[in-house]
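Undergrad: The structure that follows is given in the form of structure tokens.
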Amino acid sequence: MTHEPREPRVARPRRYLMCPPAHFEVTYSINPWMDPSKPVDLPLALAQWEELRDRYRSLGHTVETLEPRPGLPDMVYAANGATVVDGRVFGARFAHPQRSAEALAHLDWFRAHGYTDIHEPAHINEGEGDFAVTSALVLAGRGFRSSPLSHGEVQEFFGRPVIGLDLVDPRYYHLDTALCVLDDTTGEIMYYPEAFSPGSRAVLAQLFPDALVVGPKDAAALGLNAVSDGLHVLLPQGAVGLFDPLRDRGFEPVGVDLGELLKGGGSVKCCTQELRG
Ligand code: ARG
């Protein structure tokens, strides 16, 4: 496919919050990717995570770290702990009891780091796992984790229109496993249509007619669980079918091996919470 000539892509420096997988393990199963009978190589998980962190830093981004807490093996998926827009923090409330204490760990971090505008949510929401932020909108997933009621709550707090999207495939239980914002200024996205209900697919097609539509193989490699700075797109290296389409659009795909963290049902985006503003 050829595209009209357009402005070159530019990377904007970002600030991310990440949590090292010091206590990572798969001892329970709250999504179809998690199989407690499969062993996890902890040193390898740590090395893969450090490589992602170092990659962000080498691209000029700032990475803050959240202290991992014992007994919270999923804390490495830091994207779920809050949503931050304009320096304002919308806290998480987890759907599963195994993760509920993570919300507090995030709130503690924000309070200790000078954030004062912090909202403790009334409704279940798993942070950026289900909220994808562009400069104009918040795209919000529901169906497996975040409550539809959290959508109104997040719209009221940020004053940004929320588009609710119904997730229907348990493998894509969080929005960030099925949709990725490639350019938050223009609102360019990529997504896997089959993860959404017919009505939500129609909404996405109407709002994002130029989106990069991803197929089942790359979705199953968690290729949508990617992070873009506007130019570089860090994504699971197994999503081989996405590299050329991203390059065609002027992005620079950067493959990352997070194979151990895939065993918990997460990859690049899950490990990365963006601190906006
Ligand atoms: N094991 C975690 C869970 O099921 C993985 C979370 C992945 N995070 C994400 N942002 N999709 O909750």
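Undergrad: Would you please name the residue that is nearest to the chain's Cα centre (by Cα), looking only at residues in region 71-84 that are buried (at least 24 other Cβ atoms within 10 Å of the Cβ) and part of a helix (DSSP H, G or I)?
TA: Ranking the candidates gives A79 first.
Undergrad: Determine which member of the set F196, F157, F243 is crowded, with 20+ Cβ neighbours inside 10 Å and either without any contact (Cβ under 8 Å) to a residue 12 or more places away in the chain or over 13 Å from the mean Cα position of the chain (by Cα) (or both). Talk me through it step by step, then tell me what you get.
TA: Numbers: F157 fails: crowded, with 20+ Cβ neighbours inside 10 Å; F243 fails: crowded, with 20+ Cβ neighbours inside 10 Å.
After applying the criteria, what remains is F196.
Undergrad: Out of P73, P68, which single residue is touching a His at 6+ places or on another chain (Cβ under 7 Å), within 15 Å of the ligand (Cβ to nearest atom) and more than 14 Å from L17 (Cβ to Cβ)? Full working, then the answer.
TA: Values: P68 fails: more than 14 Å from L17 (Cβ to Cβ).
Being touching a His at 6+ places or on another chain (Cβ under 7 Å), within 15 Å of the ligand (Cβ to nearest atom) and more than 14 Å from L17 (Cβ to Cβ) holds for just one of P73, P68, which is P73.
Undergrad: Tell me, which strands (runs of 3 or more DSSP E) wholly within region 85-147 include 2 or more residues that are among the small types (G, A, S) and more than 16 Å from the ligand (Cβ to nearest atom)? Write out each step before concluding.
TA: On the way: elements: 88-91, 131-133, 138-142.
Because the criterion is at least 2 residues that are among the small types (G, A, S) and more than 16 Å from the ligand (Cβ to nearest atom), no strands (runs of 3 or more DSSP E) in region 85-147 meet it.
Undergrad: W49 is checked against (1) within 15 Å of C270 (Cα to Cα); (2) in a strand (DSSP E or B) and fails just one. What number does that condition carry?
TA: (2)
Undergrad: Return the residues of region 25-34 that are more than 18 Å from the chain's Cα centre (by Cα) and either surrounded by fewer than 18 Cβ atoms within 10 Å (Cβ to Cβ) or aromatic (F, W, Y) (or both); say none if nothing qualifies. Give the derivation first.
TA: Step one: of region 25-34, the residues more than 18 Å from the chain's Cα centre (by Cα) are 25-29.
Hits for region 25-34 are E25, T27, Y28, S29.
Undergrad: Kindly indicate which of P36, P68, P32, P20 is modelled with pLDDT of 95 or more, touching a strand residue (DSSP E or B) at 6+ places or on another chain (Cβ under 7 Å), assigned to a loop (DSSP other than H, G, I, E, B) and not small (G, A, S).
TA: Working: P36 fails: touching a strand residue (DSSP E or B) at 6+ places or on another chain (Cβ under 7 Å); P68 fails: touching a strand residue (DSSP E or B) at 6+ places or on another chain (Cβ under 7 Å); P32 fails: touching a strand residue (DSSP E or B) at 6+ places or on another chain (Cβ under 7 Å).
The unique qualifying residue is P20.
Undergrad: I need every pair where a residue in region 99-122 that is under 18 Å from F24 (Cα atoms) and exposed (fewer than 13 other Cβ atoms within 10 Å of the Cβ) has its Cβ under 9 Å from the Cβ of a residue that is at pLDDT 95 or above and hydroxyl-bearing (S, T, Y), sequence separation at least 6 or different chains.
TA: Final answer for the pair search is none.
Undergrad: Give me the pairs, please: first residue somewhere in region 133-144 and at positive phi and of a type outside the set (S, T, Y), second residue anywhere and modelled with pLDDT of 95 or more and part of a strand (DSSP E or B), beta-carbon distance under 8 Å, and either six or more positions apart or on two chains.
TA: Once the first residue is at positive phi and of a type outside the set (S, T, Y) and sits in region 133-144, its partners that are modelled with pLDDT of 95 or more and part of a strand (DSSP E or B) give G143/D166; G143/L167.
Undergrad: With the condition kept exactly as written, say whether any residue in region 34-45 is touching a helix residue (DSSP H, G or I) at 6+ places or on another chain (Cβ under 7 Å), over 21 Å from E128 (Cα atoms) and more than 14 Å from the ligand (Cβ to nearest atom).
TA: From region 34-45, those touching a helix residue (DSSP H, G or I) at 6+ places or on another chain (Cβ under 7 Å) are 40-41, 44-45; that's our starting set.
Now drop any that are not over 21 Å from E128 (Cα atoms), which leaves 40-41, 44-45.
Right, trim to more than 14 Å from the ligand (Cβ to nearest atom) and you get 41, 44.
Yes, region 34-45 contains a residue that is touching a helix residue (DSSP H, G or I) at 6+ places or on another chain (Cβ under 7 Å), over 21 Å from E128 (Cα atoms) and more than 14 Å from the ligand (Cβ to nearest atom).
Undergrad: Follow-up. Here are the criteria: (1) of a type outside the set (D, E); (2) outside any strand (DSSP E or B); (3) out of contact with any Phe, Trp or Tyr (no Cβ under 7 Å at 6 or more places or on another chain). Tell me which single one Y56 does not satisfy.
TA: The failed condition is (3).
The values are calculated or read from the model by the stated rules, or taken from the named source; none is laboratory data. Computed from a predicted model, the values in this text were never measured in an experiment. Using ideal geometry, Cβ is built from the backbone for each residue, glycine included, and neighbour counts are taken over all protein chains shown.
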